[in-house]
């Protein structure tokens, strides 16, 4: 697979579509449980988006997906949630059956492997986001089976002094950074939906590229696997339910997700993370549409993630 380095992985999704689309009446099937930045970005470029449902176990509701396929359906986007290959093989079969272009969103699981093949390389196109595993502001990759020369990429985003300082500070003094964050911001008392601005199409800057290429990814994966297993033990002890039933072996898990009962519990665990100097966060803000299913809405409100990036200190 050919690799194109971009400032953000979602740009790769758009470029994949633009490389294949023959009419703007053609539709892209997108999971309803996905960060709003992806559909908003596509819609801003006049791409027609149609949502299909994801259930509470982060699996595709196949009956719903099949009902959404019509003569205008051209693309199918699937997501490897938190770095785990959910419904990947079945998605490949469906794409072949209906002659769809499969785009594999592996933004959460850079360098992870499934069946001895790197995630992000199973579809016709794939994206991944190494910046989610490093303290970088920029860093996405587009995988494509053929070399593509994109003419409409502007080198707009540049890592500034603060971005570089944050990278070194977070890489070496994360525990101190979390203590300072706690002192400056205090506890969380409410959860707000955060909508990202529409980004420009941009290549990756040299600083971020070097940081990604020089990183020891096998060491990162080993650390994240170790932290994932620690979080797994911790969450079992606290009766917290992980919706994913899949071995972490060979993968690069972005986080250990748990589904809670209500917003009160979510705020409790977010504050617990602040007070214990570990990264705990909610994900994602989803697209605001009547097409979004009940399960996606519950997940977006009640799911929290224990990051595998930092060591567990409890």
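The values are calculated or read from the model by the stated rules, or taken from the named source; none is laboratory data. Small disclaimer: the values here were computed from a predicted structure and weren't measured. Virtual Cβ from ideal backbone geometry, glycine too; neighbours counted across all protein chains shown.
Test residue 136 against the criterion of being closer than 20 Å to residue 105 by Cβ and either buried (at least 18 other Cβ atoms within 10 Å of the Cβ) or touching a residue at least 40 places away in the same chain (Cβ under 8 Å) (or both), and give yes or no.
Details: closer than 20 Å to residue 105 by Cβ: yes; either buried (at least 18 other Cβ atoms within 10 Å of the Cβ) or touching a residue at least 40 places away in the same chain (Cβ under 8 Å) (or both): yes.
Here the answer is yes, as residue 136 does meet what is asked.
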Checklist entry - What is the one condition in (1) surrounded by fewer than 22 Cβ atoms within 10 Å (Cβ to Cβ); (2) in contact with a helix residue (DSSP H, G or I) (Cβ under 7 Å, 6 or more places away or on another chain); (3) free of Cβ contacts under 8 Å to residues at least 60 places away in the same chain that residue 46 does not satisfy? => result (2)
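Given 260, 240, 303, which one is touching a residue at least 60 places away in the same chain (Cβ under 8 Å) and either under 17 Å from the mean Cα position of the chain (by Cα) or surrounded by 16 or more Cβ atoms within 10 Å (Cβ to Cβ) (or both)?
Working: 260 fails: touching a residue at least 60 places away in the same chain (Cβ under 8 Å); 240 fails: touching a residue at least 60 places away in the same chain (Cβ under 8 Å).
Only one candidate qualifies: 303.
Hey, any hits in segment 198-221 for a residue that's loosely packed, with under 15 Cβ neighbours inside 10 Å, in contact with a helix residue (DSSP H, G or I) (Cβ under 8 Å, 6 or more places away or on another chain) and either closer than 18 Å to residue 107 by Cα or at pLDDT below 95 (or both)?
Yes, because at least one residue in segment 198-221 is loosely packed, with under 15 Cβ neighbours inside 10 Å, in contact with a helix residue (DSSP H, G or I) (Cβ under 8 Å, 6 or more places away or on another chain) and either closer than 18 Å to residue 107 by Cα or at pLDDT below 95 (or both).
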